[in-house]
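Contents: one structure, followed by commentary.
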Amino acid sequence: MDFDRVIEEQLRKAREAGKFDNLRGHGQPLRLAENPFEDPSWQLANEMLKKNGFRPEWLEEDVALRDQLEQARAALLRSREWQAAELRALAGRSDARAIEQRCQVEQEWQLAQARFRMRLTALNKVIFDLNLKVPSTRLQRHKLDVDAELRKLL
């Protein structure tokens, strides 16, 4: 059973029935400045950091991690596009040079996948370290499943 779909369906029905129309604060902007889960002893320090454009170290590391993951995905997609273009250019050719080029393209593609696997393995180590620093288990990142990432991208 797909719980996300069931929940979305229930929310859609409730919206259509008008069950969310008379909620307190309806139409008002959310007050995101206040964090009800924040440790009061850190409230002043966090407020000063926010006002001066600073983020906690773990959050900076999380942003960098996400950037590195996107770069790894983009590099693999570029390699895949290159491989497809090269194979299209060699389509219909069966001479020795074309066969050799196909082998080289396949080797490069295998290397690109190996580099992607190595980058994600390194990112999993970063995730492990990051998860030790985050203030709540809710904020921890899941380990990357390299095979699932490859399937998703390809």
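Laboratory data are not the source of any read-out in this text; all were calculated from the coordinates shown. What you see is a predicted model, and the numbers here were worked out from it, not measured in a lab. A quick note on method: Cβ atoms are made from the backbone with ideal geometry, for glycine too, and the neighbour counts reach across all protein chains shown.
Explain nothing, just compute: Karplus ³J(HN,Hα) = 6.51 cos²θ - 1.76 cosθ + 1.60, θ = phi - 60°, for every residue of the stretch 137-147 in order, whole Hz, x for Gly and Pro.
Taking θ as phi minus 60°, the curve returns 5, 4, 8, 6, 9, 7, 4, 6, 9, 4, 5 Hz for the stretch 137-147.
How many nm separate the modelled label positions at Asn35 and Gln71, each set 7 Å beyond the Cα in the direction of the Cβ?
2.7
Just how large is the dipole of the stretch 74-130 about the Cα centre, in debye to the nearest 20, putting +1 at every Lys and Arg Cβ and -1 at every Asp and Glu Cβ?
Dipole about the Cα centre, nearest 20: 120 debye.
How much length is gained on full extension from Asn46 to Gln110, taking 0.36 nm per residue of separation minus their Cα-Cα distance?
18.4 nm
Taking Lys50 as the anchor, which lysines have their alpha carbon closer than 22 Å to its alpha carbon, excluding any fewer than eight residues away along the same chain?
Lys133
For the stretch 75-90, just list the computed ³J(HN,Hα) in residue order, Karplus coefficients 6.51, -1.76 and 1.60, θ = phi - 60°, integers in Hz, with x standing in for Gly and Pro.
5, 5, 5, 4, 5, 5, 5, 4, 4, 4, 5, 5, 5, 5, 5, 8
Treating the beta-carbon of each Lys and Arg as +1 and of each Asp and Glu as -1, no other charges, what is the dipole magnitude of the chain about its Cα centre, to the nearest 20 debye?
240
Helix-derived [θ] at 222 nm for the chain: sum -39500 (n - 2.57) over DSSP H runs of at least 4, divide by residue count, nearest 500?
Value at 222 nm, helices only, nearest 500: -24000 deg cm²/dmol.
Set Lys and Arg Cβ to +1 and Asp and Glu Cβ to -1, take the dipole of the chain about its Cα centre, and tell me which of Leu150, Gln68, Ala114 lies farthest positive.
Checked the options; the winner is Leu150.
Students often forget the sequence filter, so: which aspartates and glutamates lie under 12 Å Cα-Cα from Lys143 once same-chain residues fewer than 8 apart are removed?
Reachable aspartates and glutamates: Asp129.
Can you give the local net charge around Glu60? Use residues other than it whose beta-carbon is closer than 15 angstrom to its beta-carbon, Lys and Arg +1, Asp and Glu -1.
0
Give the residue list of chymotrypsin sites (Phe, Trp or Tyr not before Pro) in the stretch 18-82 that are DSSP loop and have at most 16 other beta-carbon atoms within 10 angstrom.
Loop-located and lightly packed - Phe20, Phe37, Phe54.
For the stretch 42-58, what does the Karplus curve 6.51 cos²θ - 1.76 cosθ + 1.60, with θ = phi - 60°, yield as ³J(HN,Hα) per residue in whole Hz, taken in order and with x for Gly and Pro?
Rounded to whole hertz, the list is 9, 4, 5, 4, 5, 5, 5, 4, 4, 4, 9, x, 9, 10, x, 4, 5.
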